[in-house]
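All remarks here apply to the structure that follows.
Rule-based calculations on the coordinates, nothing more; no lab input. Source: prediction; values computed, not measured. Quick reminder, even Gly has a Cβ in these numbers, built from the backbone with ideal geometry, and neighbours come from all protein chains shown.
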Amino acid sequence: MTAATSHVTAAELAALNKPRRDWRFWLGKTGIFLGMTFIILYCIAPFYWMVVSSLRLPTMGRDTSFWPNPVSFENYPAVFDPINGFGRALVNSVIVSLSTTLVTLLFGILAAYALARLRFRFKGIVLAIIIGCSMFPGITLLIPLFKMFTGAYPWMPINWMNTYQALIIPSLSFGLPLCVWNLTAFFRQLPVELEQAAMVDGCTPGQAFRKVILPLAAPGVFTTAIITFIAVWNEFMIALTFGTQQNMYTAVVAISKFTGAYGFDTPWGTIMAAGVLVTVPLIIGVLIFQRRIVAGLTAGGVK
Amino acid sequence: MTHARTTRRVLAAVASVGAVLITAACSSSSTPTGSAAAGGGVNWDERGPITYAQGKDTAGVWAGVLKEWNDAHPNEQVTLIELSPEADQQRADMIKRGQAKSGEFSVMSVDVVWTAEFAANGWLQELPKDKFPTDGMLASAVDAASYFGKLYAYPQSSDGALLYYRSDLLDKAGLKPPTTWDEMQAACDKVLPTQKGMSCYSGQFQKYEGLTCNVAEAVNSAGGEFITADGKPAVNSAEAVAGLTWMVDGFKSGMIPKEAITWKEEESRQAFQDGKILFLRNWPYVYNLASKTDGSSKVAGKFGVAPIPGKTGPGVSTLGGHNIGISAFAKNKGTAGDFIKWIASEAQQKTFLQKGSLAPILESMYADADLNKQFGYLSTLGESIKNAQARPKAVRYGDVTSAIQDATYAALQGQQTPTDAFNGLQTKLEDLLK
Amino acid sequence: MSQGAATTIAGNTPPVTEKRKKNLLSDGQGTLAGFLISPTMLVILFVVGIPILLSLRESVFRKFTTPDPTTGMIPEGESFVGLQNFTDIFAHPQAVDGAWGNIDRLINSFLNVTFFTIICVAIETVIGVAMALIMARAFRGKGFVRAAILVPWAIPTIVSARMWGLIFDADGVMNKILGQQILWLADNSYSQWAVIIADTWKTAPFIGLLTLAGLQTIPSDVYEAARVDGANAWQQFVRITLPMVKPALVVAVLFRTLDTMRMFDLPWGMIGQGKYYVETISMFAYIENNQLRYGTAAAYSLVLFAYIVLVAFIFIRLLGADVIGDEETRAITEQRKRQKALAKAENRKIKLAKTTITSGEFQS
């Protein structure tokens, strides 16, 4: 807008530019405030109910008062009652999630670098395959994988039932595509000139990768690690199928199998307490790393 | 897409489909072969360590039991393998071993309704009658452990349904526990007007195995049956339909609370303990929990147990419980045989009753005076089990129970009339039991 | 197709060389790329490719399930049945009573999946976009809201299923708030709504996040200019916001759709098995597996897979979801579109490009 052709004086311009604080403005603000409150309530309310249910007396599991009366922490030690093996299940979850994350990161960084940076003929097909992998219904892969790992096929005579390998390797089927896809998105965001500048300065491509690209991609790698870790931690179907004995349950499988002393009774209080215990570390992690996680989740979606 | 490219793609597709079909045709057996689990040709003298697999030991009773055996048999140790607490998962685990012909579980605790399936698939070792006598055991339990006239497992623990009733309210009204459905309705008519917000009766009516138990009881107590003794379905008889009609009418008239259609054992127990229903049909485990004096039960000391009522007389309970069987592929079957005999003997059955509230399989124990003093429900339970009837014995029990649940739940939700529901069920059962 | 020789210019006869013309911009990158990608592709082949082939094989077989009438024993092994596992749906339907009347069980679960997907995705998109719009204008407490939004995502699905199961109990808090006695956990249309509510609760914030990221890439001057031109809030939303957010939103909606079609944990953990109003294809295939009917289980899961591929195809081709997001692939697609248009206009056949000048070996 050139000043020469403008019919508006400076004073009028200033008046126009002053934000109008009329009723529309305050309505908008209130609306936004209500909206924010709605969002927070929407997200937290069911979780609040889970916490409240875990703080009731063990025998009042299905009570519906909005605040427990009396407040009781009895459910929390009950979670670790040896009969449920929850402590061991947590350890299993950590081992499986961590190992899967490390393996997928290792393979994923290499593959993502190639997909983001290099030019080669079958790139479209490879990307399509990787995306396609996340489209398979878990149930299609589950039974053949189960048969493969329990020696039902003569060409694969191993029986890894109830071992860590049997939990980790099938988890790669969804963890690896997820990891590669996220990392590819992150690597694409790095300027192309970086390696070229490094190579101009005398680095070999390998050195350029290790010394320049990796450190800069570290936040993205870290975020992908968190997202993959959480995805494997929450996975249910594979863990349910491959870990059938109690000492090989992961945390989510263990929760789904909580039982009381008679086999029929459902200890709602303990189940909710276990749910809280499993979720709270994830939430704390999410609170600390929220910016990274949001960046990671959206990097895949925004090109 | 160019012509060449299309042709190539089509060829690739055809080739891969062809590859799949070729591998399919060339592989595993397409002719049925018999399975080998006959009683003969088995080495019953082989001894050594074995494993025992069952669902989660929720009562914590097996550690002590196994220690006793292991101390007495240092060379024939038994290791406990605890499976999931869920019946479906236990069955799936045992089936996996069976299909892999693995003897990983030497001895297994098999639910009474799976025994026929496991036996027919050749996963259980047939037990010759001369080596494995069944005197003194409950007849219905032994029948549940047999298939095609042969014994495939020993009964391990039994279970039957009990009618829990509010003795305080019935005594105040001068009534005795009902033995027929009409008596129960009359008792409710007399007592309920004085109690606000109380319903008459509940069982377990959610769509799961418990529903099969409840509807089997209704049908059998009305004089009908699901399957006749020769294995033919007979569920569309007037008596069977009468049983289902009683349940459906119960919902319609309000005798059974509306929300009971979502209740399993726990929810119905909770309702009884909170004083919301006058009569409850449930398993024996409720007795101890409802007697707790820590404030969780409002009915502690105010209730009694009786056999469940029927249409014209006492009702027929469903037979629950487990059988203990030997895997057809197990090693050391000699030890396994001795182990299951030991489990079925009186001393161990007493331990299971006292420490795990598991109903014993020996008839004599139900008349024992000391045990009856300890367990107030014992003689009633014995009566219940003696007259109990097993659920339909079928190799494809999973499908049978699914069909029964479908028909019953549809009738309870008012989607079908009882007659239509059971006519449809008759057709399905005929198809499944061909 | 000229192999090797430089393009001829009229009048010139360049020397014919036997060497292939290599592309200076991407020499040798193919080999390096091969090394870097092969571990990933090998793993994927092993844990995804082989099981898919095995599933295909399994779907044309059927295990023996009928006992011999004389011995009572079931014969071992399985028989090749061709496509019977698929056609039996029509030849011998297993009729069940679901939300859609008395129809075959697979068709019932198919319709359930379709119903859940359409309703859930529609609701969570609307809620998600609304959340994004609100958060974009938020003036305070952004961090808190952002953390709150990640809570539904962080809760494991099976824990969420148990939690909602408690909330939807017939004597639970949802009925208390509504003042009604709705039987959410029976087998009726309320069960369907229970599943829908629990699922959208968990996933709407996710869509909100992705949309918010898209919103934040829109420069504010665009809105300024529109306001000066006299556009009101609604017109701004429809003409500016939606089109610019569309790429991110379409990809998010696509992935949510595919996830909802595969839904298993939630109806399983909350409503239970055997309930035909909420049975999805995944649940049905899982149950068939438990009944040792591996042939039909594999067949049904492949039906689900085919359905998913179809839906993904519709999204990518018709709605233009840019899933791969690789510049080079995009460039090739654009070029092929132009070539097709040119071929149509000039009414002749053109060989369509497979590569750009910067990729792999150069072919003209």
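Some values worked out for this structure:
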read-out: Hz values of 3J(HN,Hα) by residue in region A:239-247 - Karplus curve (6.51, -1.76, 1.60), Gly and Pro given as x; value: 4, 5, 6, 8, x, 9, 9, 4, 6
read-out: Of B:Lys298/C:Lys275; A:Lys257/C:Lys275; A:Lys147/C:Lys202; B:Lys190/B:Lys298, pairs whose Cα-Cα distance is over 28 Å; value: B:Lys298/C:Lys275; A:Lys147/C:Lys202
read-out: Region A:85-257: relative contact order in percent, alpha carbon pairs under 8 Å with at least 6 residues between; value: 41
read-out: Cut-off 20 Å (backbone N to label point 7 Å along Cα→Cβ of B:Lys350), residues of region B:133-152; value: B:135-138
read-out: Assigned charges on the beta-carbon of Lys, Arg, Asp, Glu; chain C dipole about Cα centre (debye); value: 1440
read-out: Counted charge near B:Lys232, where neighbours are those whose Cβ lies closer than 13 Å (Asp, Glu -1; Lys, Arg +1); value: -2
read-out: Degrees separating the helix B:209-221 axis from the principal Cα axis of chain B, which is the longest one; value: 60
read-out: Rounded to 10°, Cα long-axis angle of helix B:346-356 versus longest principal axis of chain B; value: 70
read-out: Chain C: most fluctuating residue of C:Tyr294, C:Tyr223, C:Tyr277 per GNM, C-alpha cutoff 10 Å; value: C:Tyr223
read-out: Förster radius 45 Å - calculated FRET efficiency between C:Ala226 and C:Asn290 (Cβ-Cβ, nearest 0.05); value: 0.20
read-out: Cut-off under 5 Å, modelled amide H: who pairs with A:Thr163 long-range; value: none
read-out: Most mobile of B:Ala344, B:Ala92, B:Ala161 in a GNM of chain B (Cα contacts under 10 Å); value: B:Ala92
read-out: Residues A:Thr30 and A:Leu214, FRET efficiency given R0 of 45 Å [Cβ-Cβ distance, rounded to 0.05]; value: 0.40
read-out: Value of Rg/Rh across region A:199-271 [Cα atoms, Kirkwood radius]; value: 1.37
read-out: Helical segments meeting 27 Å axial Cα length and Kyte-Doolittle 1.6 threshold in chain A (DSSP H); value: A:268-288
read-out: Gap separating the Cα centres of region C:102-175 and region B:105-179, nearest whole Å; value: 45
read-out: Simple label model, 7 Å out from Cα along Cβ direction - C:Ala122 to B:Ser102, nm; value: 4.8
read-out: At R0 = 30 Å, FRET efficiency that the Cβ-Cβ distance of A:Tyr164 and C:Leu83 yields, to 0.05; value: 0.15
read-out: At 1.567 mPa s and 4 °C, Stokes diffusion of region A:85-257 via Kirkwood alpha-carbon radius, µm² per second; value: 73
read-out: Radius of gyration and maximum dimension Dmax of region C:105-291, Cα, Å; value: 19.3, 67
read-out: Nearby lysines by direct alpha-carbon distance to A:Lys29 (threshold 22 angstrom, same-chain neighbours under 8 apart not counted); value: A:Lys18, C:Lys142
read-out: Cβ-placed point charges (K, R +1; D, E -1), dipole of region A:10-75 about Cα centre in debye, nearest 20; value: 300
read-out: Net charge dipole size for region C:232-295 [Lys, Arg +1 and Asp, Glu -1 on Cβ; Debye, nearest 20]; value: 260
read-out: Sequence-separation-based contact order of region C:105-291, relative, with Cα cut under 8 Å and 6+ spacing, percent; value: 38
read-out: Relative contact order (%) - criterion: Cα under 8 Å, at least six apart; region: chain C; value: 23
read-out: Part-to-part distance (alpha-carbon centres) for region A:15-46 and region A:114-144, which is given in Å; value: 43
read-out: Over chain A - Rg/Rh using Cα atoms and the Kirkwood inverse-distance radius; value: 1.12
read-out: Computed over region B:235-304, Cα set: Rg, Dmax in Å; value: 14.6, 48
read-out: Partners for C:Lys246 among lysines (Cα-Cα distance below 18 Å; same-chain residues under 8 apart left out); value: A:Lys303
read-out: Rounded to 10°, Cα long-axis angle of helix B:87-99 versus longest principal axis of chain B; value: 30
read-out: Out-of-range pairs (alpha-carbon distance over 18 Å; input B:Lys258/C:Lys176; B:Lys172/B:Lys302; B:Lys302/B:Lys386; B:Lys150/B:Lys386; B:Lys232/B:Lys434); value: B:Lys302/B:Lys386; B:Lys150/B:Lys386
read-out: Kirkwood Rh (inverse of mean 1/r, distinct Cα pairs), chain C, angstrom; value: 25.6
read-out: Cα pair distances of the protein assembly as shown binned at 20 Å [whole percent]; value: 11, 38, 33, 14, 4, 0, 0
read-out: B:Phe303 long-range amide H proximity, modeled H, under 5 Å; value: B:Ser167
read-out: Fraction in percent of alpha-carbon pairs per bin - 20 Å, chain B; value: 24, 50, 21, 5, 0
read-out: Computed label-point distance, nm, for sites A:Glu193 and B:Asp71 using a 7 Å Cα→Cβ extension; value: 8.2
read-out: Among B:Ser364, B:Ser140, B:Ser106, residue whose mean-square fluctuation peaks in a GNM of chain B (springs only between Cα atoms under 10 Å); value: B:Ser364
read-out: Mean Kyte hydropathy of 0.0 or more with a Cα span along the axis of at least 20 Å, helices from DSSP in chain C; value: C:29-44, C:105-136, C:189-215, C:242-261, C:294-313
read-out: Residues whose placed amide H lies under 5 Å from that of C:Ile103, excluding near-sequence neighbours; value: C:Val96, C:Gly98
read-out: Pair B:Ala367, A:Ile44: separation of 7 Å Cα→Cβ label points (nm); value: 6.8
